[in-house]
Every structure is written in C-alpha cells, then in structure tokens.
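Encoded as structure tokens, the structure appears first; notes follow it.
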Amino acid sequence: MKRFNVGVVGYGWVASAHIPAINACELAQVAAVCSARPLDPAELSRKHGGKIRVYSKLKDLLADPEIHVVSLCSFPPLHPGQAIAAAEAGKHLIIEKPVALNLKDLRRVQKAVKRAGVKTCVGFECRYSSQFLATKAVVDRGLLGTLHYAEVDYYHGIGPWYAQYRWSKRKDMAGSSLLSAGCHAMDALLLFMNSPVVEVMSYACRSANPSYADYQFPGTVSTLVKFRSAAVGKCTSSVDCLQPYYFHTHLVGSKGSLLDNRFHSAELATRRDAWNTLAVKMLDSGDVSDHPYQTQFDAFFRALAKGREMPLTSLADAVPTHEAVFAADLSARLGRPVKLSELK
C-alpha cells in the first residue's frame, strides 16, 4: 500500500502528540512541518526520524506536491481558513477539534471538503480509546437494551498550571468550555445514543476560585439533551473544577446500565446488586500524549488507502457534535431551550 506523506501545521503541544502517532502508523510519515517559529529541519529530522522539510508559510506547504495529507495542529481560530485552503489544494485533512468556533465557519469547511472530494479525520480521538470502543460494543450488541438516559461529563481543571491555559482562557481562541474541551463529552454522548439531537437546554456558571478568574467565559456548563428517539441525555463540561481528571460515563437502558468501566446486563443475567468490570484502559488524563491518536490515525490511513471515509471520526461524524455544542452555548447565552432546527 501507498505510504502517505503528512505535513503538520503548527508545532506546539498537540503536534507533539500527532507527530509520533503518525510516524508510528504503517501507512504514513511526517514529511514536513509548517510553523511561524524558526525550526531547524536537521534537528526536527533527528528528533522525529526521517527527513522533515520546514515551511514558514502555509501556502508553500500546500504547494508541495509530495504532501498528501495536512494535519492541523494550530490554534482553533485558524482551523477553518487552513482547512479550506488545504482542501482547495487537494490535500486530505486531519483537523484537531474544534473544526470551527462558529456554525458559519463549520459550514464553509463542509462545503470546501465536499467540493474538493478530500477525506477527513477530526480530533475526537476519544472515540478510539479502549474505554469507549468497549462501551460502544456493549451498546451495539444490545447488552444494555434500548438506551433512554445517559450522562457523559468532562471534568478537567485547566488553570495557570496547564500548558493550554494561556490561550484556552480566551473566548476568541477557545470559544467556550464545551468548544475548548468538553466537546469530547458531547461527542461521546452522541456516539452512544446514536440518535439525532432535537433540542438542548444549558446553564452555565463560574468558579469563585481566583485561579480561574481570567476565564473570559463560564468554565462550567451543564446541558440537557433531547434526542429524536425520545431519550434524554446530560452533558457537563467543567474546566474550572478542582479535582483529578474525570470522564464520567453513565448509560441507562432497558436491559442494563453502564457506569464508566462497570456494567450490569439482564441480557447476560449478571447480578443487579454488583457491577461487572470491563478490562479497559480508562480515559483518565488530559495529556494529549496519553490519547489514542495512533489507533485513530491508523484507521484514517487504512481508509484513505482504500479511498473511503474513515469510520467514527470523519468530518461528517463530527458535524452533529459541533452543532449540538453551538446550540448548547446559544442556549446558555439566551437562557432558554434551543432546537437544533434553529441553527442556520
């Protein structure tokens, strides 16, 4: 099979996870890096292996005919313009989340990708975690029956002690608590419920702790989600909490329930007074180096080699999550329920 050359845009925290994960894939290798910072090609090549070219301008990277895929590891506000330019240049795309900070830019990216016919992978890599792959298998095999309620919550205190705080506290850079981080929880909720979102209702609040005083948006938002199936869900994103990282998952169905890595299933005749435990690696860290990028990228490059859309985290998979997040943030601002049909 063909080996794909990848150009990484941005050389910061996220790139430090993307580059080794891409290079660990059988079908891909990082061949170029584009950064506003001066970088030494020889040093990069020694550090990451292989020969890596360096560009200071995106247009020069996109003009390189040997680059097949572009991985966007830049700041969120730059994603839409860079994704559109890459698509127009015929490059396949890996886009870190969020794809865009508003619905208008998301639609622009969708149109550009559709026109160009390029393949996509969006940074909802948690779908490829051991924990969520096993959870989805439990749901898909009917061990919980029909889901009628679910809670998926993201608790990760992102304060001055955390690398991304310098920009994630800003509304123009991160957008909101959900857009900057909690979108992983909303994405997982939609994955497990497998039904379109009809309406959301959100409430937002702030921590009184002085460490979080510089946030330009409420650090905690809790959203009730109504699905077309008539099921109900709840998603909380808290980036101004003081606790260990916790990705809470609770699914309730007609034949059983799942709580994080524990479950009960009447289908398997398990005891109702005791949980059974899934042997999975938990999502217990916000460190990007600990996220399942390689598993996700392997799936992307295998699909790309066959000319197919990747499963689970293509742009088409990511759009409903972004729409639910935009509706949730709008609901918190307006103080009323928002139907997804209101989004233009």
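Do we find that Ala15 is in contact with a Phe, Trp or Tyr (Cβ under 9 Å, 6 or more places away or on another chain) and either touching a residue at least 24 places away in the same chain (Cβ under 8 Å) or aliphatic (A, V, I, L, M) (or both) in this structure? Lay out the reasoning, then the answer.
Values: in contact with a Phe, Trp or Tyr (Cβ under 9 Å, 6 or more places away or on another chain): no; either touching a residue at least 24 places away in the same chain (Cβ under 8 Å) or aliphatic (A, V, I, L, M) (or both): yes.
Here the answer is no, as Ala15 does not meet what is asked.
Only one residue in Lys51, Lys57 is modelled with pLDDT under 95, surrounded by fewer than 18 Cβ atoms within 10 Å (Cβ to Cβ) and charged (D, E, K, R). Which one?
Lys51
Please find, among Thr120, Thr135, the residue that is within 30 Å of Val252 (Cα to Cα), surrounded by 21 or more Cβ atoms within 10 Å (Cβ to Cβ) and either of a type in the set (Val, Ile, Thr) or more than 17 Å from the chain's Cα centre (by Cα) (or both).
On the way: Thr120 fails: within 30 Å of Val252 (Cα to Cα).
Sole residue among the options that is within 30 Å of Val252 (Cα to Cα), surrounded by 21 or more Cβ atoms within 10 Å (Cβ to Cβ) and either of a type in the set (Val, Ile, Thr) or more than 17 Å from the chain's Cα centre (by Cα) (or both): Thr135.
Filter segment 305-323 down to residues that are aliphatic (A, V, I, L, M) and in contact with a helix residue (DSSP H, G or I) (Cβ under 9 Å, 6 or more places away or on another chain) and give me whichever is farthest from Arg3 (Cα to Cα).
Taking segment 305-323 and keeping what is aliphatic (A, V, I, L, M), we get 305, 310, 312, 315-316, 318-319.
In the following step, the residues that additionally are in contact with a helix residue (DSSP H, G or I) (Cβ under 9 Å, 6 or more places away or on another chain) were identified as 310, 312, 315-316, 318-319.
Numbers: Met310: 16, Leu312: 22, Leu315: 22, Ala316: 25, Ala318: 26, Val319: 28 Å.
Once the filter is applied, the top-ranked residue is Val319.
Of everything in segment 230-242 that's touching a strand residue (DSSP E or B) at 6+ places or on another chain (Cβ under 6 Å) and either over 22 Å from Arg166 (Cβ atoms) or aliphatic (A, V, I, L, M) (or both), which residue is surrounded by the most Cβ atoms within 10 Å (Cβ to Cβ)?
So, considering only residues that are touching a strand residue (DSSP E or B) at 6+ places or on another chain (Cβ under 6 Å) and either over 22 Å from Arg166 (Cβ atoms) or aliphatic (A, V, I, L, M) (or both), the one surrounded by the most Cβ atoms within 10 Å (Cβ to Cβ) is Cys235.
If I ask for residues that are part of a loop (DSSP other than H, G, I, E, B) and either basic (Lys, Arg) or buried (at least 22 other Cβ atoms within 10 Å of the Cβ) (or both), which ones from segment 185-214 would you list? Please lay out each step first, then the result.
Going through segment 185-214, the residues part of a loop (DSSP other than H, G, I, E, B) turn out to be 194-196, 206-209, 213-214.
Residue satisfying the conditions is Arg206 alone.
Any residue that is in the same structural domain as Leu268 (by TED's automatic domain parsing) and assigned to a loop (DSSP other than H, G, I, E, B) - is there at least one of those in segment 145-153?
Within segment 145-153, the subset in the same structural domain as Leu268 (by TED's automatic domain parsing) is 145-153.
Checking which are assigned to a loop (DSSP other than H, G, I, E, B) leaves us with 145-146.
For segment 145-153, residues in the same structural domain as Leu268 (by TED's automatic domain parsing) and assigned to a loop (DSSP other than H, G, I, E, B): present.
So, Arg107, is that one in a helix (DSSP H, G or I) and without any contact (Cβ under 8 Å) to a residue 12 or more places away in the chain or not?
Details: in a helix (DSSP H, G or I): yes; without any contact (Cβ under 8 Å) to a residue 12 or more places away in the chain: yes.
Yes.
Would you confirm, using the coordinates I've provided, whether Asp260 is at positive phi, in contact with a strand residue (DSSP E or B) (Cβ under 7 Å, 6 or more places away or on another chain) and of a type outside the set (Gly, Ala, Ser)? Please lay out each step first, then the result.
On the way: at positive phi: yes; in contact with a strand residue (DSSP E or B) (Cβ under 7 Å, 6 or more places away or on another chain): yes; of a type outside the set (Gly, Ala, Ser): yes.
Yes; evaluated as a whole, the condition is true for this residue.
Can you pull out the residues in segment 249-283 that are closer than 20 Å to Leu191 by Cβ and either not in a loop (DSSP other than H, G, I, E, B) or not assigned by TED's automatic domain parsing to the domain that holds Asn194 (or both)?
Thr249, His250, Leu251, Val252, Gly253, Gly256, Ser257, Leu258, Leu259, Arg262, Phe263, Ser265
The values are calculated or read from the model by the stated rules, or taken from the named source; none is laboratory data. No experiment lies behind these values; they were computed from the predicted model shown. All Cβ positions, glycine included, derive from the backbone under ideal geometry; neighbour counts span all protein chains shown.
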